[in-house]
């Protein structure tokens, strides 16, 4: 990351001249990056979200390339748009970096950003560049999206709803464990999902149109994110462990049975979608893993697995630090 040509040898305009050609456009982009601001054609309601990744906290250069990080920060933001029932339309990107950071890393990172946006059909609208103290590198993404149907909140689940997931569970967390132990060859797909997560973005609007009552993306773990949905909705979510066997079986041989359970229940950075639906409205591509029910007397909203509370709590940015 510090080898090659340091950023301090270029000015901001020179750097932008090298970065901007790596980003594509879209039919909704009226004025492309390069002016004081971009202009995006919109209709109706707009979804907006933002997230930041920090070197040493959210990624390590030993495990991830600049391109990997570019891909990851785009997907994790677009997943939040999809989880509201929205279709992503554009992103704003900020890079705050030590001037000693190599130009080569920045260009590789920009290429990852551009390719992830191209895959999702979204435009890079612009952003910001800033210097930072030695060793500091931070990437922030703000994602925008449009709502072509109803918005789906975390707070709409009702007793009797089916709890369903679209996408995998535990793969990214298993990949992290394999990277930590130098055992990447035991499950290359899991390692790839840790470096470059995959989110079923198109299924967000599908779920909204199908009648999803609540939805979020699994960024901090199934139990932690499920608890957020349960608390917002005032329900108990009962997960059936047998319904997670496909996820457990996928990684059990690589990380062991107990670690597989931890990964599936608490593993973050998966960016699959978790939603509740009326039982007869679960769309194709989603699998039912449980149900929502009323709280019993004295019971608090939360998540139970096979009727029991679990210690697998998932990632918290401050308590897990």
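Assuming a ≥ b ≥ c are the square roots of the Cα gyration tensor eigenvalues, decide whether the chain counts as rounded (a/c under 1.5), prolate (otherwise, with a/b larger than b/c) or oblate. Oblate is the answer for the chain, as a/c is 1.5 or above yet b/c matches or exceeds a/b. Angle of helix 103-120 to the longest C-alpha principal axis of the chain, folded into 0 to 90 degrees and rounded to 10: 50°.
The stretch 44-64 and the stretch 129-206 have Cα centres spaced 10 Å apart. Helical runs assigned H by DSSP (4 residues or longer) give the chain a calculated mean residue ellipticity at 222 nm of -10000 deg cm²/dmol, each run adding -39500 (n - 2.57) before division by the residue total. Highest average first, the peptides 212-221, 104-113 ordered by how many other beta carbon atoms sit within 10 Å of their residues are 212-221, 104-113.
Tell me the angle of helix 222-233 to the major Cα principal axis of the chain, expressed in degrees between 0 and 90 and rounded to the nearest ten. Its long axis makes an angle of about 70 degrees. A viscosity of 0.890 mPa s and a temperature of 25 °C, combined with the Kirkwood radius over Cα pairs in Stokes-Einstein, give a translational diffusion coefficient for the stretch 146-188 of 174 µm²/s. Relative contact order of the chain: 22 percent, from C-alpha pairs under 8 Å at least 6 residues apart in sequence. By the gyration tensor of its Cα atoms, with a ≥ b ≥ c the square roots of the eigenvalues, what is the shape of the stretch 97-215: rounded for a/c under 1.5, prolate for a/b over b/c, or oblate? Here the stretch 97-215 falls in the oblate category. Sorting the segments 235-246, 293-304 by their residues' average number of neighbouring beta-carbon atoms within 10 angstrom, most packed first, yields 235-246, 293-304. Annotation for the stretch 104-124 versus the stretch 208-235: alpha-carbon center distance of 29 Å.
Rounded if a/c is under 1.5, else prolate if a/b beats b/c, else oblate: with a ≥ b ≥ c from the C-alpha gyration tensor eigenvalues square-rooted, which is the stretch 162-305? Cα axes put the stretch 162-305 in the prolate bin.
Each reported figure results from applying straightforward, stated rules to the coordinates on display, with no laboratory input. In this text the structure is predicted, and so the values were computed from the model without any measurement. Virtual Cβ from ideal backbone geometry, glycine too; neighbours counted across all protein chains shown.
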